[in-house]
Amino acid sequence: MSGTLGNVTSWQPVGESSFDILNESASLIGATTVLSFTYGIVFTLFCICVHSLVQQYKSGVRKRQAIFSLVYMSIMFSFGTIYCAVNAWESQVEFVNFRNFPGGPLAYSHYIFSSPLNILSSVVFVATSWMNDALLLWRLWVIYRGSRFYIPVVLGCSVIYITTFVLGVVLLVEALSPNETLFAATVVGFGTAYYSLTVAYTIIVTGLLLARILGIRRNLIKVTGWTEYGSQYLGIVVLIVESSALYTVWGIIFLALYLTNSPIEGIFLETLSEIQIIAPLLLMYRVSQGKAWKEDTSMQLTSINIRSGRGTFHTNASTVINSGSTSQNIHVVVDKDILSTSSDSRKNVKLDTKAEVYSMDQV
């Protein structure tokens, strides 16, 4: 008999397919468990960064940068908190208060999509993306400073960023219109364009950042032969943090699932906003510690003091213009007595009796 303990099928949702149930399950897990986990990471990183930046401010080192970073992080953290709180509330009303809504919890989520709280959540979601993309543009400006590709790289990515900003506004206007949702047929086109361009922008910027860092690392190793030098700026962890690779990978996975209408995309969509905050916080922490790339880092990496055996190498960087391109000429001046040392002490550098001149073109 229906509704009894002996009839298992009577416990299942009425009028919902297995796909709908899987979709609801992924949405619930994403909006509660996974989102709470990522928010916990955001909260922890935020506290660590605040402590580090307060110490930086008290020390009087880069005080304006510390203030700017605190304001930026506070805004991002506020966005993440609002987004997490609204999603928790929506999960409650969808799966508890109105769980018998015709069509199930997801149908109810579409029904309240244009509610004031959901509008706030959607605006915060897109604004978080804007701020994260702006930070990536800033890092591009910092790391490419002094490169011959500086202007075309920064200008081109700025145009893409402005385009994503405009598309984000259009997406919000369309999705938050009455009787529309992010998954409505009339809105999916705008959503696809926005998310595709945002992820593409992130991939492009990430690729450019990695190319710049790896290029400098390659040239530095070519000149000195020492792979361990400059690890503060050139290590694997640095590559991941400086390029915001975490958000890039997460965004690619979400976009692929979104375009294929996979039910699992709910897990990545619900947490995408927090992932966009984790990446900048990791970078801001490096900035507060003075370990992140600065405008003059590439120049510092070409001004090296090298000690080998009994002799001392000293290099200095000078900029010359050659055929319209900027290059770094690194003059390695060597004490004469080093030439009489063992081959092991000078195996990493090719020398003559006076000096060896290396040219390191900027990437």
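Scan 9, 32 and give me the residue that is touching a Ser or Thr at 6+ places or on another chain (Cβ under 6 Å) and either at pLDDT below 90 or surrounded by fewer than 18 Cβ atoms within 10 Å (Cβ to Cβ) (or both).
When all the criteria are applied, what remains is 32.
Yes or no: region 125-137 includes at least one residue that is outside any helix (DSSP H, G or I) and either closer than 19 Å to residue 266 by Cα or in contact with a Cys (Cβ under 7 Å, 6 or more places away or on another chain) (or both).
Taking every residue of region 125-137 in turn, none turns out to be outside any helix (DSSP H, G or I) and either closer than 19 Å to residue 266 by Cα or in contact with a Cys (Cβ under 7 Å, 6 or more places away or on another chain) (or both).
Examine region 201-222 for a residue that is out of contact with any Phe, Trp or Tyr (no Cβ under 6 Å at 6 or more places or on another chain), at pLDDT below 80 and either within 22 Å of residue 124 (Cα to Cα) or outside any helix (DSSP H, G or I) (or both), and state whether such a residue exists.
No, every residue in region 201-222 fails to be out of contact with any Phe, Trp or Tyr (no Cβ under 6 Å at 6 or more places or on another chain), at pLDDT below 80 and either within 22 Å of residue 124 (Cα to Cα) or outside any helix (DSSP H, G or I) (or both).
Return yes or no: is residue 95 in contact with a Pro (Cβ under 9 Å, 6 or more places away or on another chain) and either part of a helix (DSSP H, G or I) or not small (Gly, Ala, Ser) (or both)?
Yes; evaluated as a whole, the condition is true for this residue.
Taking the criterion of being in a helix (DSSP H, G or I), in the same structural domain as residue 203 (by TED's automatic domain parsing) and of a type in the set (Val, Ile, Thr), would at least one residue in region 103-113 satisfy it?
Within region 103-113, not a single residue is in a helix (DSSP H, G or I), in the same structural domain as residue 203 (by TED's automatic domain parsing) and of a type in the set (Val, Ile, Thr).
Go through (1) buried (at least 19 other Cβ atoms within 10 Å of the Cβ); (2) out of contact with any Gly (no Cβ under 8 Å at 6 or more places or on another chain) for residue 169 and report which single condition fails.
With (1) buried (at least 19 other Cβ atoms within 10 Å of the Cβ); (2) out of contact with any Gly (no Cβ under 8 Å at 6 or more places or on another chain) applied to residue 169, the lone miss is (1).
Across region 44-62, what is the total count of residues that are at pLDDT below 90, in a helix (DSSP H, G or I) and surrounded by fewer than 13 Cβ atoms within 10 Å (Cβ to Cβ)?
Count: 2.
Pick from region 128-143 the residues that are modelled with pLDDT under 90 and among the hydrophobic types (A, V, I, L, M, F, W, C): which of them is surrounded by the fewest Cβ atoms within 10 Å (Cβ to Cβ)?
138
Conditions (1) at pLDDT 85 or above; (2) of a type in the set (Gly, Ala, Ser); (3) surrounded by fewer than 18 Cβ atoms within 10 Å (Cβ to Cβ), marked per residue:
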| site | (1), (2), (3) |
| --- | --- |
| 65 | no, no, yes |
| 70 | yes, no, no |
| 76 | yes, no, no |
| 80 | yes, yes, no |
| 101 | yes, no, yes |
| 115 | no, yes, yes |
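With the checklist (1) among the β-branched types (Val, Ile, Thr); (2) assigned to a helix (DSSP H, G or I); (3) surrounded by fewer than 14 Cβ atoms within 10 Å (Cβ to Cβ) in hand, flag the one item residue 14 doesn't pass.
(2)
Regarding residue 86, is this residue buried (at least 16 other Cβ atoms within 10 Å of the Cβ), without any contact (Cβ under 8 Å) to a residue 40 or more places away in the chain and under 18 Å from residue 267 (Cα atoms)?
Taking the combined requirement at face value, the residue satisfies it.
Name the residue, out of 60, 30, 80, 15, that is at positive phi and in contact (Cβ under 8 Å) with a residue 24 or more places away in the chain.
Criteria check complete, one pass: 15.
The values are calculated or read from the model by the stated rules, or taken from the named source; none is laboratory data. Fair warning: this is a prediction, and the values are worked out from it, not measured in the lab. For neighbour counting, all protein chains shown are included, and Cβ atoms are generated from backbone atoms with ideal geometry for every residue, glycine included.
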